[in-house]
Amino acid sequence: MRIAILGPAWPYRGGIAAFNERLARQYQAEGHEVEIITFTLQYPSFLFPGKTQFSEEPAPEGLEISRRINSVNPFSWLRVGRYLRRRRPDLIVTPFWLPFMAPCFGTILRCAKRKGCRRVAILHNLIPHEHRIGDRQFASYFIRSNDAFITLSRSVLEDIDQFDPKRKRPRVYSPHPIYDHYGQTLTTGEARKAIGLREEGRYVLFFGFIREYKGLDLLLSAMADERLEQMGVKLIVAGEFYGDPKPYMEQLRSLDLGSRVVMHTEFIPDHEVNRYFCAADIVAQPYKSATQSGVSQIAYNFEKPMLVTNVGGLPEIVPDGKAGFVVAPDAQHIANALVRFYKEDWNDRLTEGVRDEKKRYLWDSFTAAIAGLLK
């Protein structure tokens, strides 16, 4: 098949870009012709919460990536739609994670529509964690621009009914595949040395963009538990603030956590991701709301147990007591689970469970699910 993927890719950075590039490689491995069509402008700078939208990594080898989309210029949307009609792809795959992108992607897909071309949306999120006026109208516009949907969590699969209640368009759930492109697995000592830590000790990892809904404040409160302090448990926070850092800094001071929390609050480039996961004993995702998370799939790749909260699709991905612990989004429950992990020496048991569970999250299973939609 000839396949077009719309959305973020190099030179843009982030989880959606990583997903699109990895999906393109899977399709190439299956013998398909793939082009990723990405942005000339993704977000206007005043709307972007981080320091930069751009990657410092070299361009990925072997991928055809063309920069054509301006997210705020309707003339660009029409040009890209006409370009796709000329290219005549058999399949257009479009990720959706933010209603802001709905007018852009929805218009392109409408313009690109022709006989013999199927338009499949990958719904990372449908109803955003941080609500804004117009979200539902934009999401509805995007939904009506597609022929079928694949979701990464069951909760998002159910959300589609709000926009397509008569189920006119097919949809399927297929979990987020493993992110297996972040380098080799390092020994714990190698990884800790690479990020400036002592080789001995107990470390919990919080990884990824820091946003209010991700619950870092809950994890910091949990870390103040006397039992964790007595055990010598420390926290690594690795990721860029996508919001005001002051509340977290004040919380660190008020809880006197300065010596027990390692703050690496800058964007972590791809070639350093393995260092942080391999340095940790357990990966914590104390989210207050969620659909699914690519962080879980990096943890699976590096065979790290996880602590997640029972929100959205996270419990689907991390079976409680097998690949990690599932707890309420509450500081006390998070602290209790971490104490249990270290006190009862759950590391080996959960690591075995992670190795078994990761077999479920293969990229060929994901592309097979899309192929099923096309039938």
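In this entry, residue 303 passes the filter for residues that are on the phi > 0 side of the Ramachandran plot and touching a Lys or Arg at 6+ places or on another chain (Cβ under 7 Å).
Just checking, how many residues over the range 265-280 are more than 13 Å from residue 216 (Cα to Cα), modelled with pLDDT under 95 and not aromatic (Phe, Trp, Tyr)? Break it down stepwise before answering.
To start, the set of residues in the range 265-280 that are more than 13 Å from residue 216 (Cα to Cα) comprises 266-280.
Next, from what is left, pick out any that are modelled with pLDDT under 95: 266-271.
Then keep just the ones that are not aromatic (Phe, Trp, Tyr); that gives 266, 268-271.
Number of matching residues: 5.
Here residue 214 fulfils each of the conditions (1) open to solvent by less than 40 Å² (accessible area, probe 1.4 Å); (2) more than 30 Å from residue 127 (Cα to Cα); (3) in contact (Cβ under 8 Å) with a residue 40 or more places away in the chain apart from (2). Taking the listed residues 215, 183, 232, 189, the one that is at pLDDT below 95 and of a type outside the set (Lys, Arg) is 183, with no other qualifying.
Taking (1) surrounded by 21 or more Cβ atoms within 10 Å (Cβ to Cβ); (2) under 30 Å from residue 92 (Cα atoms); (3) in contact with a helix residue (DSSP H, G or I) (Cβ under 8 Å, 6 or more places away or on another chain) in turn, residue 295 satisfies each apart from (3). Would you mind finding the one in 41, 23, 47, 84 that is open to solvent by 30 Å² or more (accessible area, probe 1.4 Å), of a type in the set (A, V, I, L, M, F, W, C) and at pLDDT 95 or above? Result: 41 is the single residue among 41, 23, 47, 84 that is open to solvent by 30 Å² or more (accessible area, probe 1.4 Å), of a type in the set (A, V, I, L, M, F, W, C) and at pLDDT 95 or above. Pairs meeting the criteria (first residue in the range 325-346 and free of Cβ contacts under 8 Å to residues at least 24 places away in the same chain and among the β-branched types (Val, Ile, Thr), second residue in a loop (DSSP other than H, G, I, E, B) and open to solvent by less than 60 Å² (accessible area, probe 1.4 Å), beta carbons under 9 Å, at least 6 apart or on different chains) are 326/318; 326/319; 327/286. Once the range 305-324 is narrowed to residues that are open to solvent by 10 Å² or more (accessible area, probe 1.4 Å) and free of Cβ contacts under 8 Å to residues at least 60 places away in the same chain, the residue that is nearest to residue 351 (Cα to Cα) is 322.
So which residues in the range 7-55 are within 23 Å of residue 361 (Cα to Cα) and among the aromatic types (Phe, Trp, Tyr), if there are any at all? Residues satisfying the conditions are 19, 27.
If you filter the range 144-184 down to residues that are within 14 Å of residue 297 (Cα to Cα) and of a type in the set (S, T, N, Q), you find that the one that is surrounded by the fewest Cβ atoms within 10 Å (Cβ to Cβ) is 174.
Annotation note: Cβ proximity below 7 Å between a residue of the range 354-369 that is closer than 19 Å to residue 315 by Cα and a residue that is of a type outside the set (Lys, Arg) and open to solvent by 40 Å² or more (accessible area, probe 1.4 Å) (sequence gap 6+ or interchain) occurs for 354/303; 355/303. Among the residues making up the range 1-46, those that are within 21 Å of residue 83 (Cα to Cα), charged (D, E, K, R) and either without any contact (Cβ under 8 Å) to a residue 60 or more places away in the chain or not in a strand (DSSP E or B) (or both) are 21, 33, 35.
Please determine, by comparing only the residues of the range 240-266 that are outside any helix (DSSP H, G or I) and hydroxyl-bearing (Ser, Thr, Tyr), which one is nearest to the chain's Cα centre (by Cα).
Within the range 240-266, the first condition is being outside any helix (DSSP H, G or I), and the residues that meet it are 240-245, 255-266.
After this cut, where a residue has to be hydroxyl-bearing (Ser, Thr, Tyr) as well, the list is 242, 259, 265.
On the way: 242: 15, 259: 29, 265: 18 Å.
Of everything passing the filter in the range 240-266, 242 is nearest to the chain's Cα centre (by Cα).
Give 109, 123 a once-over and let me know the one that is over 27 Å from residue 213 (Cα atoms), modelled with pLDDT of 95 or more and crowded, with 17+ Cβ neighbours inside 10 Å. Reasoning before the result, please.
On the way: 123 fails: over 27 Å from residue 213 (Cα atoms).
Result of the check over 109, 123: 109.
Filtered by the rule that a residue be in a helix (DSSP H, G or I) and open to solvent by 90 Å² or more (accessible area, probe 1.4 Å), the range 185-198 gives 190, 193.
Test residue 132 against the criterion of being open to solvent by 40 Å² or more (accessible area, probe 1.4 Å) and either farther than 21 Å from residue 370 by Cα or in contact with a strand residue (DSSP E or B) (Cβ under 6 Å, 6 or more places away or on another chain) (or both), and give yes or no. Yes, satisfied. A single member of 283, 273, 233, 237 is over 24 Å from the mean Cα position of the chain (by Cα) and open to solvent by less than 20 Å² (accessible area, probe 1.4 Å), and it is 233. Before we move on, is residue 102 open to solvent by less than 10 Å² (accessible area, probe 1.4 Å), among the small types (Gly, Ala, Ser) and in contact with a Phe, Trp or Tyr (Cβ under 8 Å, 6 or more places away or on another chain)? The answer is yes for residue 102.
The values are calculated or read from the model by the stated rules, or taken from the named source; none is laboratory data. As the structure is a prediction and not an experimental result, all values here were calculated from the model. Note: ideal-geometry Cβ built from the backbone for every residue, glycine included; neighbour counts use all protein chains shown. The protein model used for the area step is the full one, side chains on, heavy atoms only, and it has no ligands, DNA or RNA in it. Shrake-Rupley method; radii C 1.70, N 1.55, O 1.52, S 1.80 Å.
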